[in-house]
Amino acid sequence: MSLVLSSADFADGQPMPKELTCEGQDSSPALSWKGVPAAAKSLALILDDPDAPDPKAPKRVWVHWVLYNLPPSTTGLAKGVVALPAGTKDGTNDWQRTGYGGPCPPIGRHRYFHTLYALDTVLPDLQQPTKGKLLEAMEGHVLARAVLMGTYQKGA
């Protein structure tokens, strides 16, 4: 079985509900996964938007959420998660803070990629890493990866 990531809040490739965004409660989506490889020692999750600031002329990838060292025994995160599973560490998003920052596109419909990684190691404390630092630390340790993509456009 391969690693699969899904959400009760939106289907892959479909719009994300307003409550998950800056126009709503800015709460993280309910996420669930299955198919974690038996050799996995930890999981990592990155949520980013490659369409910033304008999907017709993207200039950068905007990072919304960075988590790592989730226990491989976990099967998901609750909607609006406040207490992360034991051992889970936060990274720094592009608002220069930890935690979830929901979609808030300035123009157009953006794509939001939730990527879950199964790793063959527990990473050392990376001191609230950026996405780049986390990816660097994960290099050579990824056993499997799953992606869930949602979209959002303000006022739509």
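The values are calculated or read from the model by the stated rules, or taken from the named source; none is laboratory data. These figures come from a predicted structure and were not determined experimentally. Positions of Cβ are generated from backbone atoms using ideal geometry, with glycine treated the same way; all protein chains shown enter the neighbour counts.
Only a single item in (1) within 15 Å of T115 (Cα to Cα); (2) free of Cβ contacts under 8 Å to residues at least 12 places away in the same chain; (3) among the charged types (D, E, K, R) is not met by D48, and it is number (2). Here P37 meets the list (1) within 23 Å of L135 (Cα to Cα); (2) in contact (Cβ under 8 Å) with a residue 60 or more places away in the chain; (3) part of a loop (DSSP other than H, G, I, E, B); (4) under 15 Å from the mean Cα position of the chain (by Cα) almost entirely, failing just condition (4).
Out of A30, A39, which single residue is at pLDDT 95 or above and within 30 Å of G155 (Cβ to Cβ)? Step through it out loud before you land on a result.
Working: A39 fails: within 30 Å of G155 (Cβ to Cβ).
Result: A30 is the single residue among A30, A39 that is at pLDDT 95 or above and within 30 Å of G155 (Cβ to Cβ).
Step by step: first the residues of region 104-127, then only those that are touching a residue at least 60 places away in the same chain (Cβ under 8 Å) and among the polar types (S, T, N, Q), then the one that is surrounded by the fewest Cβ atoms within 10 Å (Cβ to Cβ). Which residue is that? Going through the qualifying residues, I end up with T121.
On the stretch given as region 28-41, residues that are closer than 23 Å to R97 by Cβ and surrounded by fewer than 23 Cβ atoms within 10 Å (Cβ to Cβ) total 2. Given the criteria closer than 27 Å to A137 by Cβ and within 12 Å of the chain's Cα centre (by Cα), does S2 qualify? The answer is no for S2.
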